[in-house]
Amino acid sequence: MKIKLDSNVRGITQVACMHISGVIQNLMAQTGKDELIIFPNKIVCRKGWLSSVNYNFGSNLCCVNGVIDYVGFNPPIEPDNQMIYDELYSYCGLKNKAYGRCEIIRFC
């Protein structure tokens, strides 16, 4: 899995990582690709040179000062996809990268 953060995103909170893990799982299932870019307002999964699938953040995710957080009702208490969550949170979660920007999360 290869995930990049846009230059305007400095980190992702733990609860947002839990929610986003399911979003990433769905995007990868739709496209068959595992290369994504997380922007302050959406996640983009490129399918090829000219096409992509986007997940635009609704009212449950918000980026403030470069930090993506879950702001909806009923926040998740466990990740939708544990493996993706582990990768995402260990490399860009605020626990380890407190407001530090990471370029590439991981290749696996």
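The values are calculated or read from the model by the stated rules, or taken from the named source; none is laboratory data. The model shown is predicted, which means the values in this text are computed figures rather than measured ones. Using ideal geometry, Cβ is built from the backbone for each residue, glycine included, and neighbour counts are taken over all protein chains shown. Heavy atoms of the whole protein, side chains included, go into the accessibility calculation; ligands, DNA and RNA do not. Shrake-Rupley method; radii C 1.70, N 1.55, O 1.52, S 1.80 Å.
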* How many percent of the accessible area of region 1-58 is carbon or sulfur, using a 1.4 Å probe? -> 46
* To do: Report the chymotrypsin sites (Phe, Trp or Tyr not before Pro) located in region 54-96 that are in a DSSP loop and have at most 13 other Cβ atoms inside 10 Å of their Cβ, or state none.
  => Phe73
* Gain upon complete extension [Met83, Ser59; 0.36 nm per residue less C-alpha separation] -> 6.1 nm
